[in-house]
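The values are calculated or read from the model by the stated rules, or taken from the named source; none is laboratory data. Computed from a predicted structure; not experimentally measured. Cβ coordinates were reconstructed from backbone atoms using ideal geometry, including for glycine residues, and neighbour counts include every protein chain displayed.
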Amino acid sequence: MPRPTAAQLAYGSATVVFATVAMLLLSGTTTAVGVALIGLAALALGLLVAVTLPVPAARRRATYTPARPPVPAERREHSLRR
């Protein structure tokens, strides 16, 4: 599995925080079980957001292709002596 991008981490984390706060405020629950269920639901929602976020296409690595064949060492030394 590829590593998550910075955008995926940021959007997933923000979703968890805002969803937790919103659900706690809207539900008004005060029990430990209710808070735990809301926390789990927010984590699942944050994971869903992070996974479904579009990932940029993989960049092609530039390969080195010399413009001309390398000069043999003997010719290079000879041309430097002149």
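A Cβ distance below 8 Å, combined with a sequence gap of six or more or placement on separate chains, defines the contacts here; from the range 1-16, residues that are closer than 12 Å to Pro56 by Cα and modelled with pLDDT under 95 reach residues that are part of a helix (DSSP H, G or I) and of a type in the set (Gly, Ala, Ser) in the pairs Pro4/Gly12; Pro4/Ala50; Gln8/Ala50. The set of residues in the range 18-34 being within 30 Å of Pro56 (Cβ to Cβ) and in contact (Cβ under 8 Å) with a residue 12 or more places away in the chain consists of Ala19, Thr20.
Scanning the range 6-24 for residues that are under 16 Å from Leu48 (Cα atoms), among the small types (Gly, Ala, Ser) and over 20 Å from the mean Cα position of the chain (by Cα) gives a single hit, Ala19.
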